[in-house]
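Taking it in order: structure first as structure tokens, then the write-up.
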Amino acid sequence: MFAHHDGSALHVPEQEPSLGDTVDVFVRAPAGADVRQVHVRTTGDGEPRFTEAVVDRVDGDEVWWRAPVEVRNPVSNYRFLLTGGRGHRWLNAAGVVGHDIPDHGDFKLVSHAPPPAWARDAVIYQIFPDRFARSASADGRVPPDWAIPCDWETPVIGRGPETPHQFYGGDLDGVVERLDHLDRLGVNTVYLTPIFPARSNHRYDAASFDTVDPLLGGDAALARLADAVHARGWRLLGDITSNHTGDAHRWFTAATADVGAAERELYYFDEVTGDYESWNGVRSLPKLNWGSAELRRRFATAPDSLLRRWLREPYRLDGWRVDVANMTGRRGADAYTHEVAALLRAVVTQTRPDGLVMAEHGHDHTGDLDRDGWHGTMNYVGFTDPVWSWLRHGDQPVPNFLGTPGGVRRRDAEAVLSTMHAFRSLVSWRSYTHSWQLLGSHDSARIRTVVGDAAARQEVAAGLLATMPGTPMIFAGDELGLPGVNGEGSRTPMPWHRPESWDAGTFAAYRSLLALRRAEPALRHGGLRWLHSDPDTLIFLRESPAGSVLVLARRSAAGPVRLTGLPVGENLYGGAPALRPDRDGAMTLPGDGPTFQVWRLS
């Protein structure tokens, strides 16, 4: 182990600094490491400055250095210069290097208003309403003209023109009836994909933002669901499409009916041809123009805006997941994304101070966080993709979420860590730990298919989900071992009526891992220190002032691993023996696999 620092409370005790504060930051190094002097380098107002650190304490075999950092700017960068007998090295958010590096990988102190406190302890459960559960009331609803009515057992069509029109009739009262299942699993936050009227089963083509789809039970059903969720002390999140509406939306129909309509400026029209911009060329999803002051008013700032309405009584949504946040406000020379993110976040927190605003990004999100906008992102690129590539198994082709040619490739742990470090190092610790870590969603293959229908490998994936920094998000059905080769094929009706088809072992693993996360503060609020990797093995520490946890994840048998400098460890998950140092002070971690093991260190 060499010098280490991260943004957790162990190294940055002031987790919510204000502009103008000076805060202490700590860096640690083994007593025998080649570190004789430490400076912290800051870049307040764009100019680098160096301040010498002092030894704060010697704790066992580690030396802890302390240095002050002024929160000079809303996002204040800093890194460490380590001096020893072999010269200088830099320590930034990507690790220790012996060459000069640009500033964008530095550690970051953020003085923008923090995300709501409840978000760090959240466990999100994503529900696709049409496929989750049907109440008895659903039987009396007439399917709309666009729908292909399906029985709950009808196979899902994963590709083709019928895919968005299969209609199973799940509704919000059905969700209420199944909240006990979520309680047994151990989640505490319900996230619903869109609930507004539309002409598809996914409802991302909203025809209105003013009402809940009557096919889901209407506004009253959302109020009943909100009451039931909040009565358990949980949170309820909605899904809003800030990049586009559906072509049946009244704003768009008014804009196409009259070239002089006020709604015309809400979209991108070619005034010569009459054509319009749409999401990825999908004509049913016309793109919104955030250069329009009227759009900003209707969507966000007006007292009765759609963003505000659903956060208030009687619905009381606790925040929004923002669909296609990466494209929102971007179109050619138009670059409104950061303005829009800050606007939506400000309106949400004005309406309810504890509201959450979570962005969807399928690829590089690093340039859009830490700007007083999105509280975090769905971390596909920094978590989902690398975990998939490490645990990928079997011969069935699995398409990459964003269509990368060749699908999901197999990679060893070193490549996985390189990917995780690359994206984690470009955002603040705050944004990283408030982002959603997920093993799949309604837009991707299911983790069970990715790992080759191997319950043991899914347990390893679920273990990483529960023990790494960030907010775990579970797509409904993953806990039952449901398969799915792509996003549409993964939107599988929940098999409530066939409990014998559930993978009881997988459910038990998810339940135990989430209980462990609740029980161990280090797993929710601790730092992250990587100790070992080989092609089949990942070992890391989660450390907090309340204690430390050691995690071993292994995709296949790889032989035992010996580590030094660790205290005694009690096994909390996985069934391995307790860790005890041998005569040389080393501990031997088991070499079987696939396996997932967790120890609490004394």
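The values are calculated or read from the model by the stated rules, or taken from the named source; none is laboratory data. Since this is a predicted model, take the numbers as computed values, not measurements. Cβ coordinates were reconstructed from backbone atoms using ideal geometry, including for glycine residues, and neighbour counts include every protein chain displayed.
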Any strands (runs of 3 or more DSSP E) falling wholly within region 503-602 and containing at least 2 residues that are more than 27 Å from Val96 (Cβ to Cβ): 569-573, 595-601
Is region 133-141 home to any residue that is outside the structural domain of Arg41 (by TED's automatic domain parsing), buried (at least 19 other Cβ atoms within 10 Å of the Cβ) and aliphatic (A, V, I, L, M)? yes
In region 201-215, which residue that is over 11 Å from Asp239 (Cβ atoms) and among the charged types (D, E, K, R) is nearest to the chain's Cα centre (by Cα)? Asp205
Kindly indicate whether any position in region 218-230 is over 14 Å from Leu317 (Cα atoms), in a loop (DSSP other than H, G, I, E, B) and in contact with a helix residue (DSSP H, G or I) (Cβ under 9 Å, 6 or more places away or on another chain). no
Scan region 571-583 and report the pairs whose first residue is modelled with pLDDT of 95 or more and whose second residue is part of a loop (DSSP other than H, G, I, E, B) and among the charged types (D, E, K, R), with Cβ atoms within less than 9 Å and a gap of 6+ or a chain change. Leu572/Glu520; Ala576/Asp592
Might you let me know whether region 234-243 holds any residue that is without any contact (Cβ under 8 Å) to a residue 60 or more places away in the chain, acidic (Asp, Glu), within 21 Å of Arg316 (Cα to Cα) and not in a loop (DSSP other than H, G, I, E, B)? no
Do any strands (runs of 3 or more DSSP E) lying entirely in region 1-107 carry at least 2 residues that are farther than 30 Å from Gly585 by Cα, in contact with a His (Cβ under 6 Å, 6 or more places away or on another chain) and outside the structural domain of Glu543 (by TED's automatic domain parsing), and which ones are they? 49-52
Answer with yes or no whether Asp130 is in contact with a Pro (Cβ under 9 Å, 6 or more places away or on another chain), under 23 Å from Val38 (Cβ atoms) and either not hydroxyl-bearing (Ser, Thr, Tyr) or not assigned by TED's automatic domain parsing to the domain that holds Leu439 (or both). no
Between a first residue in region 78-93 that is in contact (Cβ under 8 Å) with a residue 60 or more places away in the chain and under 18 Å from Pro30 (Cβ atoms) and a second residue that is assigned to a strand (DSSP E or B) and among the charged types (D, E, K, R), which pairs have beta carbons less than 8 Å apart while being 6 or more apart in sequence or on different chains? Phe80/Arg41; Leu82/Arg89; Leu91/Arg79
Just one listed residue, out of Asp354, Asp368, Asp385, Asp372, is at pLDDT 95 or above, surrounded by 24 or more Cβ atoms within 10 Å (Cβ to Cβ) and acidic (Asp, Glu), and it is Asp385
Any idea which of Arg134, Arg141, Arg235, Arg203 is in contact with a strand residue (DSSP E or B) (Cβ under 8 Å, 6 or more places away or on another chain) and among the basic types (Lys, Arg)? Arg235
Checking Asp145 against (1) within 19 Å of the chain's Cα centre (by Cα); (2) more than 30 Å from Leu523 (Cα to Cα); (3) among the charged types (D, E, K, R), which single condition isn't satisfied? (1)
Among the residues of region 364-400, which ones are under 21 Å from Ser242 (Cα atoms), outside any loop (DSSP other than H, G, I, E, B) and of a type outside the set (Gly, Ala, Ser)? Thr366, Asp368, Thr377, Met378, Tyr380
Positions within region 1-53 being in contact (Cβ under 8 Å) with a residue 12 or more places away in the chain, under 24 Å from Tyr432 (Cβ atoms) and of a type in the set (Asp, Glu), in sequence order: Asp6, Glu16, Asp21, Asp24
Within region 566-598, which residues are in contact with an Asp or Glu (Cβ under 6 Å, 6 or more places away or on another chain) and surrounded by 14 or more Cβ atoms within 10 Å (Cβ to Cβ)? Phe596
Does Asp227 satisfy being modelled with pLDDT of 95 or more and more than 19 Å from Gly246 (Cα to Cα)? yes
Could you tell me whether region 108-119 includes any residue that is outside any loop (DSSP other than H, G, I, E, B) and over 25 Å from Pro521 (Cα atoms)? no
